[in-house]
Amino acid sequence: FPLALLSYKVAFAIWAVMSIIVVAGCARVGWGFYTPTPSLARAFLSLLFGPTVVLLMLGQFTVLVLLGITFFLVMVERRRDWLAGLALLPVLGKPHVAFLFLLAILLWVIYARRWVILLSGALALIAASVIALAINPQIFTQFIGRTTLVVHETESYPNLGGAIYVASGFHIMALLPQLFGAVWLIVYWRNHRSTWRWKTDGMIVLLVSVATSY
């Protein structure tokens, strides 16, 4: 929103630089989950991933989803549950990308009784909604209208669901991967809930979530 006060080129440049810093920083933090050996190579390698290049070219909001997930993983390990819940706010901006990850958080919070995470996330969402309504009272009506257009669009996305849609000719079939992903998560959760670790199990769920995203 503040970037709207600037010219397009300046705003895009600032957003692009911020996005590069976020992607590289999150990659380095993620590397630190698995080994104490610091390495800048992982930060640079993350910028060579094809979808990352496209994300930077388009100026996608998804970079904040990555930041929120990374911040959540760090805070939940430190048992800073209030901050972990707050970190989920940008993730909710694109829930279809991290749908299984968010579902896993809900299951884990209920199982581990870490209710503060849900409370914190809910309060952050309410506060953000109030601010959005103050700026644009019609925001939710417009959101529902935009969502309706997405549901009824005829174009296919370049992912697994899109490929199934093209092959079958039925748009609703694009939801199959996410449906199977949800079933997989329930089975995976039942087998790993007692030894759940976000740095390992959470990353696997996140990978499947992205792969099966609508």
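When region 1-12 is filtered for residues that are surrounded by fewer than 13 Cβ atoms within 10 Å (Cβ to Cβ) and within 30 Å of A41 (Cβ to Cβ), nothing remains. Go through (1) assigned to a helix (DSSP H, G or I); (2) under 20 Å from the mean Cα position of the chain (by Cα); (3) modelled with pLDDT under 95 and name the single condition I126 misses. Result: I126 fails condition (3) only.
Scanning region 7-31 for residues that are β-branched (V, I, T) and touching a residue at least 12 places away in the same chain (Cβ under 8 Å) yields a count of 4. Taken as a whole, the condition of being open to solvent by less than 40 Å² (accessible area, probe 1.4 Å) and under 16 Å from the mean Cα position of the chain (by Cα) applies to L55.
Applying a threshold of 6 Å to beta carbon distances and a minimum spacing of six or more residues, or different chains, the list of pairs starting in region 142-169 at a residue that is at pLDDT below 90 and ending at one that is among the aromatic types (F, W, Y) and surrounded by 10 or more Cβ atoms within 10 Å (Cβ to Cβ) reads S156/Y165; G161/Y214. When region 88-120 is limited to residues that are small (G, A, S) and at pLDDT below 95, the one that is surrounded by the fewest Cβ atoms within 10 Å (Cβ to Cβ) turns out to be A112.
Could you please let me know if T52 is hydroxyl-bearing (S, T, Y) and under 30 Å from L119 (Cβ atoms)? Criteria not met by T52.
Of the residues making up region 122-132, those that are more than 16 Å from G85 (Cα to Cα) and surrounded by 14 or more Cβ atoms within 10 Å (Cβ to Cβ) number 1.
The values are calculated or read from the model by the stated rules, or taken from the named source; none is laboratory data. Keep in mind the model is a prediction, meaning the values are calculated, not measured. Heads up, the Cβs are rebuilt from the backbone with ideal geometry, glycines too, and the neighbour counts pull from every protein chain shown. All accessible areas refer to the heavy atoms of the entire protein, side chains included, with ligands and DNA or RNA removed. Shrake-Rupley method; radii C 1.70, N 1.55, O 1.52, S 1.80 Å.
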